[in-house]
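The values are calculated or read from the model by the stated rules, or taken from the named source; none is laboratory data. None of the values given here were measured: they were computed from a predicted structure. Counting neighbours? That spans all protein chains shown, and the Cβs are built from the backbone with ideal geometry, glycine included. Only protein heavy atoms, including side chains, enter the accessible area calculation; ligands, DNA and RNA are left aside. Shrake-Rupley method; radii C 1.70, N 1.55, O 1.52, S 1.80 Å.
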Amino acid sequence: MRLRALLTLALALPAGCGDGASESSSPCGAVRLEPAQLGDAGTRALTLCLINAERAKRGLAPLVRRDQLELASQRHSEDMVARRFFEHDTPEGTDPQQRMLAAGYPADNAYTGENIAWAGGRRASPWEIVDLWMHSPPHRENILRPGFTEVGIGLVRGAPEPQRSDGVPWTYTTDFGGPPLSQ
């Protein structure tokens, strides 16, 4: 039995809707800076740090980056921006598990899930994106699912839909995976 947890999120909540914690109280550093200021690698690292901080608060093991999941995530973010769609499945019907398999991840025999989001300007900071996901029950469930042990974070400059806010838009995909299921 394969677990499919697929989630979508755009700008559903107002900016700054978090718990009021400041950047200085973050264990991760400058998490409120925009991806343009942080660079791709910095944005990915801070996003993973924030996700793992949420997991640690609840006694869960940290997620580790997995190259195959990162490749699947990156390809999906790029595809959504290039072809202007914002969905888990491509216009041809390719789903996240198929994309993960194509990237070399054993998605046909593992727990998998996906979150996507996009925003512009400071709302695209790692803090805002993770905060949006944590305030959406299904996205939060993916981040806090004990069966997930690995993650890939895809990030691309650009919006998959007409932009509704100021600032440079960024599109995120997080693909989650877990250990192979018992046969």
Within segment 81-92, can you find the residues that are charged (D, E, K, R) and open to solvent by 70 Å² or more (accessible area, probe 1.4 Å)? ARG83, ARG84, GLU87, GLU92
On the given criteria, is MET100 closer than 11 Å to TYR172 by Cβ, open to solvent by less than 20 Å² (accessible area, probe 1.4 Å) and of a type outside the set (Ser, Thr, Tyr)? no
In segment 39-53, which residues are out of contact with any helix residue (DSSP H, G or I) (no Cβ under 6 Å at 6 or more places or on another chain), touching a residue at least 40 places away in the same chain (Cβ under 8 Å), open to solvent by less than 40 Å² (accessible area, probe 1.4 Å) and not basic (Lys, Arg)? LEU48
Looking only at residues that are closer than 19 Å to LEU101 by Cα and out of contact with any strand residue (DSSP E or B) (no Cβ under 6 Å at 6 or more places or on another chain) in segment 146-183, which one is least open to solvent (accessible area, probe 1.4 Å)? LEU181
Sort out which residues of segment 124-164 are part of a loop (DSSP other than H, G, I, E, B) and touching a helix residue (DSSP H, G or I) at 6+ places or on another chain (Cβ under 6 Å), and write them in order of number. GLY158, PRO160
Anything in segment 56-72 that is closer than 17 Å to ARG145 by Cα and surrounded by fewer than 18 Cβ atoms within 10 Å (Cβ to Cβ)? List them, or say none. ALA56, LYS57, ARG58, GLY59, LEU60, ALA61, PRO62, VAL64, ARG65
Can you pull out the residues in segment 44-73 that are over 15 Å from the mean Cα position of the chain (by Cα) and among the charged types (D, E, K, R)? LYS57, ARG58
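Each row is one residue, and each column tells you yes or no for (1) part of a helix (DSSP H, G or I); (2) surrounded by 13 or more Cβ atoms within 10 Å (Cβ to Cβ); (3) among the charged types (D, E, K, R).
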| position | (1), (2), (3) |
| --- | --- |
| GLN74 | yes, yes, no |
| ASP79 | yes, yes, yes |
| THR94 | no, yes, no |
| TYR111 | no, yes, no |
(1) at pLDDT 95 or above; (2) open to solvent by 70 Å² or more (accessible area, probe 1.4 Å): which one isn't true of SER24, the others all being true? (1)
